[in-house]
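Note sheet for the following structure.
The values are calculated or read from the model by the stated rules, or taken from the named source; none is laboratory data. This is a predicted model, so every value here is computed, not measured. With ideal geometry, Cβ positions are generated from the backbone for all residues, glycine too; neighbour counts draw on all protein chains shown. The accessibility values were calculated without ligands, DNA or RNA, using every heavy atom of the protein model including side chains. Shrake-Rupley method; radii C 1.70, N 1.55, O 1.52, S 1.80 Å.
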Amino acid sequence: MTAKKALITGVTGQDGAYLSKLLVDKGYEVHGLLRRSASADVIDARLKWLGIANKVIYHDGNLVDLSCLIRIVEDVAPDEVYNLAAQSFVKSSWQQPLLTGSVTGLGAANVLEAVRIARPQARFYQASSSEMYGLIQEPIQSETTPFYPRSPYAVAKLYAHWMTVNYRESFGLHASSGILFNHESPLRGIEFVTRKITDGVARIKLGLQKNIMLGNLDAKRDWGHAKDYVQAMWLMLQQERPDDYVVATGRTTSVRTFCELAFAHVGLTAEDHISVDPRFMRPAEVDVLHGNSEKAQKALGWSPETSLEQLVAEMVEADLVRLKRHEHL
Ligand code: NDP
Ligand code: GDR
């Protein structure tokens, strides 16, 4: 039997790396969209970390260029397309709202168009986000909770989400959307709060730094492990019918508590080392997110496998190793 083919946009990001690993291990031929970078030598650092950089077939392209997407989809003829590429840092979306709209919003429409035109039988996954709930309308959010986006990023994701639903209903595409709550790992970008904390904790432990400056310590998030969440993405595309699913752990924790767990892991006390810097506050905050993933658990047989404590320990340990080896990610 010939191997299934998957095309992943955002292959160099956190989720792209874990999803590639999952699919390579399942015997897929994995293709990734690679945007041109002046730092070509480090662009595949996450894939290298997982030992699969040379197992992915790269295609030069960009989400804002529909013509290249059509050509790539035509050439690859994928069975499954995972649209993970985005300007994904919420805080930057206030500084670059139009870029965020072009990539995170219209970029998803470009991928949907490329699939509709060049490979309508492919199954499509859209990386939707719990940020779409924003100013939450229900204390625990599920697929039926109304959205209320609070950032240009979330507004762009909402457009991409509804385009996915619309292409499913209008053209019969097998298009599914995963409304994923925050998920982290040692491969998380350094600008996101969890990794900023675990990297800071490791630096403080090694005597390289004294404090970590943070923004809103009271914000609460439902944090899971990226490795568990890419499994849910794959499961969605194995279903006979496309649909939308919330993926979350069902536990919400404050940034402050995340700090306490990370410092405790190395025998230090968080309050001795963290301070608040208004530069890291946001013009509009998402105060709390708390997901209900019952639908995914029942329909997909998915459940989170990593506890927050295990996640924190894995991230801090990875940062300690990286700093001792003078590696950067
Ligand atoms: P990352 O920020 O780690 O990765 C983003 C990826 O998108 C990178 O590969 C980046 O490439 C690529 N990219 C950015 N702009 C373009 C562009 N114009 N053309 C092509 N590629 C581009 O994100 P994550 O892996 O954390 O998240 C994956 C997806 O899931 C994103 O869409 C994110 O918004 C969404 N999401 C993430 C959640 C999370 O908690 N992690 C939760 C819910 C949704 P490069 O390496 O060149 O920068
Ligand atoms: P988020 O992740 O905005 O939820 O988006 P982030 O880790 O950036 O922020 C989480 C919460 O922590 C608060 N916070 C800080 N955040 C950062 N980055 N830096 C700080 O110093 C800091 N101090 C406090 C924030 O205010 C916020 O409340 C992530 C991204 O992966 C999105 O792409 C994805 O869609 C959502 O998760 C679900």
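The table below gives the values:
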quantity	calculated
Under the Karplus curve 6.51 cos²θ - 1.76 cosθ + 1.60, θ = phi - 60°, whole-Hz ³J(HN,Hα) for the range 50-56, x wherever Gly or Pro sits	8, x, 10, 4, 8, 9, 9
Long-range amide H partners of S129 with built H, under 5 Å	L180
Segment F192-R256, extension gain: residue separation times 0.36 nm, minus the distance between their alpha carbons	21.6 nm
Mean separation of Cα contacts under 8 Å, 6 or more apart, over the residue count of the range 63-193: relative contact order %	29
Residues whose placed amide H lies under 5 Å from that of H225, excluding near-sequence neighbours	E184, T306
Stokes-Einstein D (µm²/s) once Rh is taken as the Kirkwood radius of the range 151-278 over alpha-carbon pairs, at 25 °C in 0.890 mPa s	145
Cα-based helix-to-principal-axis angle, 152-171 vs the chain, degrees rounded to 10	30
Accessible surface, the range 1-97, averaged per residue in Å² (probe 1.4 Å)	47
Given the chain, longest segment not containing exposed loop trypsin sites (Lys or Arg not before Pro) (DSSP; at most 10 other Cβ within 10 Å)	37-209
Cα long-axis angle, helix 14-25 against the chain (0 to 90 degrees, to the nearest 10)	60
Sequence-separation-based contact order of the range 106-263, relative, with Cα cut under 8 Å and 6+ spacing, percent	25
Cα gyration tensor category, rounded, prolate or oblate, for the range 24-160 with a/c compared to 1.5	prolate
Cα gyration tensor, the range 221-308 - rounded (a/c under 1.5), prolate or oblate	prolate
Three-way shape call for the range 49-91 based on the alpha-carbon gyration tensor, with the a/c threshold at 1.5	oblate
Nearest-20 debye value, the chain charge dipole, Cβ charges on Lys, Arg, Asp, Glu	500
The chain - percent of accessible surface contributed by carbon and sulfur, probe 1.4 Å	51
The chain, relative contact order [Cα under 8 Å, separation at least 6], %	17
Rounded to whole Hz, the Karplus (6.51, -1.76, 1.60) HN-Hα couplings of the range 104-115, x for glycine and proline	6, x, 4, x, 5, 5, 4, 5, 4, 4, 4, 5
DSSP-defined beta bridges in the chain - what % are antiparallel, rounded to 5	5
Per-residue SASA entry for L180, accessible area with 1.4 Å probe, Å² rounded to 10	10
Stokes-Einstein translational diffusion, the chain - Kirkwood Rh over all Cα pairs, 0.692 mPa s, 37 °C, in µm²/s	163
Mean ellipticity per residue at 222 nm, deg cm²/dmol - from DSSP H runs of n ≥ 4 across the chain, formula -39500 (n - 2.57)	-11500 deg cm²/dmol
Extended-chain gain in nm, criterion 0.36 nm per residue less alpha-carbon gap, S307 and Y148	54.4 nm
At R0 = 41 Å, FRET efficiency that the Cβ-Cβ distance of R71 and E294 yields, to 0.05	0.50
Extreme residue, positive dipole direction of the range 35-81, given options I57, V76, A45 (C-beta unit charges)	A45
Under 5 Å, built H, 5+ apart or other chain: amide partners of S177	Q126, D243, D244, Y245
Where W94, W49 fall by accessible area, highest first, once all protein chains stay in place (1.4 Å)	W49, W94
J(HN,Hα) series, the range 318-323, from Karplus relation 6.51 cos²θ - 1.76 cosθ + 1.60, nearest Hz, glycine and proline x	5, 5, 4, 4, 4, 5
For K295, net neighbour charge (Lys/Arg +1, Asp/Glu -1) across residues whose Cβ lies under 12 Å away	-3
